[in-house]
1. For segment 416-425, name all the residues that are within 12 Å of Asn260 (Cα to Cα) and outside any loop (DSSP other than H, G, I, E, B).
2. Restricting to segment 130-177, give me the number of residues that are farther than 30 Å from Cys284 by Cα, among the small types (Gly, Ala, Ser) and at pLDDT 95 or above.
3. Filter segment 221-246 down to the residues that are near the ligand (Cβ under 9 Å from one of its atoms), under 22 Å from Thr174 (Cα atoms) and among the aliphatic types (A, V, I, L, M) and list them by number.
4. Identify, from the list Asp467, Asp462, Asp474, the residue that is within 20 Å of Leu165 (Cα to Cα), within 13 Å of the ligand (Cβ to nearest atom) and within 26 Å of the chain's Cα centre (by Cα).
5. Among the numbered criteria (1) aliphatic (A, V, I, L, M); (2) outside any strand (DSSP E or B); (3) within 16 Å of the ligand (Cβ to nearest atom), which one does Ala428 miss?
6. If you go through segment 375-415 one residue at a time, how many are open to solvent by 30 Å² or more (accessible area, probe 1.4 Å), at negative phi and either at pLDDT below 95 or not in a helix (DSSP H, G or I) (or both)?
7. Kindly provide the set of residues from segment 233-261 that are in contact with a Cys (Cβ under 8 Å, 6 or more places away or on another chain) and within 25 Å of Lys44 (Cβ to Cβ), ordered by number.
8. Any idea how many residues of segment 202-220 are in a loop (DSSP other than H, G, I, E, B), within 16 Å of Ala171 (Cα to Cα) and not β-branched (Val, Ile, Thr)?
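The values are calculated or read from the model by the stated rules, or taken from the named source; none is laboratory data. Given the structure is predicted, the values throughout are model-derived calculations rather than measurements. Cβ sites come from the backbone with ideal geometry, for glycine too, and all protein chains shown count toward neighbours. Note: areas computed on protein heavy atoms with side chains; ligands, DNA, RNA excluded. Shrake-Rupley method; radii C 1.70, N 1.55, O 1.52, S 1.80 Å.
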Amino acid sequence: MSLRTNPPWEDVQNYINGKWQPPSGDDSQDIINPATGESISSVKFSSSDDVDAAVSAGQEAFEHWRSTPVEERIQPLFEFKQLLEDHQEELAEVLVQEHGKTRAEANGELRRGIENVEVACGIPSMMQAGSLPNAAPDIDETAVRKPLGVFTAITPFNFPGMIPLWFLPYAVATGNAFILKPSEQDPVIAERLFELLEQTGFPDGIVQLVHGSVDTVNTLLDHKGIEGASFVGSTPVARTVYERAATSGKRVQAQGGAKNHIIVTETADLDFAAKKTISSACACGGERCLANDIAVVDEDIYDEFVDQVLEEARAQTVGYGLDDETDIGALITPNHESRVRDLIATGVDEGAELLLDGRDVEVSGYENGNFLGPTVFGDVDPEMTIAQEEIFGPVLGLVSVNNIDEAIDVLNRSDFGNAASLFTDSGADARKVRHKADVGNLGVNAGTAAPMAFFHFGGRKDSFFGDLHAQGEDMIHFYTDKTVYIERWPGN
Ligand code: NAD
């Protein structure tokens, strides 16, 4: 079987209780290829009846799934991993056409998703709790982790092939049922993932897909039949999702937006740091929660670093993600492109020096695409809007500082705490940043601080609401609750 990769595609469907069906709400949204401006599909939003049907099917399926031997529960994930590998190129092609990123970026994202499936296959070991013989006189105590029921995840547009896999494999391998509500901006890839899941042998109701927007999310968050919710998206929405899900008594983890910094010290390998800085700021068109779009640079090497960054930025090719030479693809929508353009204008108005202006970029043959070239600002003051707000476009700001302490101070004054990177040859500087930087992911001589799937994906301050994060062991804790058996056997 091959996946459908050539649009136009028919309207995307929900996958509820093992069956494909159109969402039955009133609203809908066109899916537009961000590079060509062409309509490639459409998504109708789910009604509360659709959500009810998915939750009921999940609850029913959970009753059997929770006591299905764990070894059996992970077999469909092994199948799923193989199907993802076999269809990775087709999935990447779909992703490029609805998201706008490059083929290499799409493949990279899918690889990261697959790694989460692989980690979840180890749940028989990861899910064990603990036991202590003779915990008290004649008493043995054993803790076990139990699944809880139906969980949901609400995911953003920027990694639509990967982020659902931060959650789904762990939820189901631990014995729960799972409902995905993907972004309405690029929902086709979720449909393709579920076309593969359909072939893996999960019982009906264990993995389900409902499309929609705000109302569908709120219905899921308020639903008494759902035990817990994971959210990834912008900070204002993450905050309200966290509050709303908690109000209805759910477990909730809500990952928000970001503003990430790179610190470059005077001992750094500047050529390497410049390459990594541009790739971190511009890859995926800057639409990454791990994009480091502010570089905080020691004044002694500031001028040299600026030259190298500009050289690197000018070498980037902007174009259609399906063209192999493209480094920077299209932004998700014309609205988002205008927002980034407005932020660039604000940077100019507030007095930053526009060293490279990507606003005039033209991509021949794709005049309707949402393109922006790499844009670099020098002399950025940490109080400026472009230094404080998440831009989510290929825009880099450079801040000059006196020393490492001032650099850490700039970083820690941010409202966000998702990630940072440090380029240095000094162990002492690295140690200082490790101890003082208030971020959840820290790269040292690594441009984009993306943890592998067996580690949790951190985030602090306005970048995260909750305690247990996505990926790795945190997911086991999120998707299970522990019961302790305290046992005495008379006559022993
Ligand atoms: P978004 O907040 O607009 O949407 C995310 C999800 O929430 C979507 O499924 C959407 O349908 C739903 N949604 C939107 N508005 C809602 C509302 N008012 N009430 C309830 N649900 C709502 O985010 P986006 O634009 O799709 O994604 C980009 C954002 O996600 C950026 O801020 C980025 O930093 C963040 N992000 C964070 C991480 C992380 O790990 N911290 C990872 C990826 C993306």
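1. Within segment 416-425, the subset within 12 Å of Asn260 (Cα to Cα) is 416-422.
Once the filter is applied, which keeps residues that are within 12 Å of Asn260 (Cα to Cα) and outside any loop (DSSP other than H, G, I, E, B), segment 416-425 yields Phe416, Gly417, Ala419, Ala420, Ser421, Leu422.
2. Result for segment 130-177: 8.
3. Taking segment 221-246 as the starting set, the residues that turn out to be near the ligand (Cβ under 9 Å from one of its atoms) are 221, 231-238, 240-241, 244.
Then drop every residue that is not under 22 Å from Thr174 (Cα atoms), which leaves 221, 231-232.
Residues satisfying the conditions are Leu221, Val232.
4. On the way: Asp467 fails: within 13 Å of the ligand (Cβ to nearest atom); Asp462 fails: within 20 Å of Leu165 (Cα to Cα).
Only one candidate passes the filter, namely Asp474.
5. (3)
6. Adding up the residues that qualify gives 10.
7. Scanning segment 233-261 gives no hits.
8. 4
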